[in-house]
Amino acid sequence: MKRASVHTDDVASDAHTVDRSLIEWGVAGRAFDGESESGDQYLIESFANGALVVVVDGLGHGPRAAAAAKAAIAALDGYTQGSVSLLLKKCHDALRRTRGVVMSLASFDIGGTMTWLGVGNVKGLLLYQDEHRHFKRERLLLRGGVVGYNLPTLRPATVNVRPGDTLILATDGLCSVFAEELTMGDYPQQMADTIMEQYRRGTDDALVLVARYVGPSQGA
């Protein structure tokens, strides 16, 4: 197990750990200028036969946004093996006394699937190659609502993944055009750093998480 590698002091430093035999990943984040805390938080955690990745954006910015986002992450601690719908509902119940969050989750399975779900505007993008090695993009279907206040009907989607397929979750502090200009050649941390450097709006907190499916290690 390796400790999460956070490349900014603006993102919570008490990051969780994950077995990198199933996914490789990188994260980059920045708080809104002048704020001491970021309302954009993340979780990456392994469980039996899988790994969960989550990006949370507390409404607004500053300490209250950070408190809501951290409460969502805390609600998932130790419960990452559940379905993404149940995990999101658990966050919803835990956040009723906060200003609420928007968030997206993706659960990777050792058998070669990924189930993802999003409420609000944390963008999800899967980069992959089809059977003819053509470069493809698939976007997470986001549903309107606020976790902790107004939860929509949850309809998670499951897609097949192969080694090399790369998931990106990004908050609205980043320009959405990044999704049209990415390639899969860089390592996940390089991709996260590049997205943050080139596409940060500067008008809000910002966070991007890149997770590449590696597949089970030999003997798993």
Test: residue 184 is outside any loop (DSSP other than H, G, I, E, B) and not basic (Lys, Arg): no
Sole exception among (1) among the polar types (S, T, N, Q); (2) free of Cβ contacts under 8 Å to residues at least 40 places away in the same chain; (3) touching a Lys or Arg at 6+ places or on another chain (Cβ under 9 Å) for residue 171, by number: (2)
Residues within the range 71-86 that are modelled with pLDDT of 95 or more and in contact with a strand residue (DSSP E or B) (Cβ under 6 Å, 6 or more places away or on another chain), tallied: 3
Leading residue by the ranking (surrounded by the most Cβ atoms within 10 Å (Cβ to Cβ)) among those in the range 64-102 that are under 20 Å from residue 158 (Cα atoms) and among the polar types (S, T, N, Q): 80
Scan of the range 22-60 for residues that are open to solvent by 10 Å² or more (accessible area, probe 1.4 Å), among the small types (Gly, Ala, Ser) and part of a strand (DSSP E or B), ordered by number: 46
Test: residue 109 is closer than 22 Å to residue 216 by Cβ, open to solvent by 20 Å² or more (accessible area, probe 1.4 Å) and in contact (Cβ under 8 Å) with a residue 60 or more places away in the chain: yes
Residue check for residue 24: more than 20 Å from residue 188 (Cβ to Cβ) and touching a residue at least 60 places away in the same chain (Cβ under 8 Å): no
Count - residues of the range 126-153 that are farther than 25 Å from residue 74 by Cα and surrounded by 15 or more Cβ atoms within 10 Å (Cβ to Cβ): 4
Output for the range 80-116, where each listed residue is within 16 Å of the chain's Cα centre (by Cα), within 28 Å of residue 62 (Cβ to Cβ) and not β-branched (Val, Ile, Thr): 87, 88, 91, 103, 104, 105, 106
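The values are calculated or read from the model by the stated rules, or taken from the named source; none is laboratory data. Everything numeric in this text was worked out from a predicted model, so none of it was measured. All Cβ positions, glycine included, derive from the backbone under ideal geometry; neighbour counts span all protein chains shown. Surface areas here come from the heavy atoms of the whole protein model, side chains and all, with no ligands, DNA or RNA. Shrake-Rupley method; radii C 1.70, N 1.55, O 1.52, S 1.80 Å.
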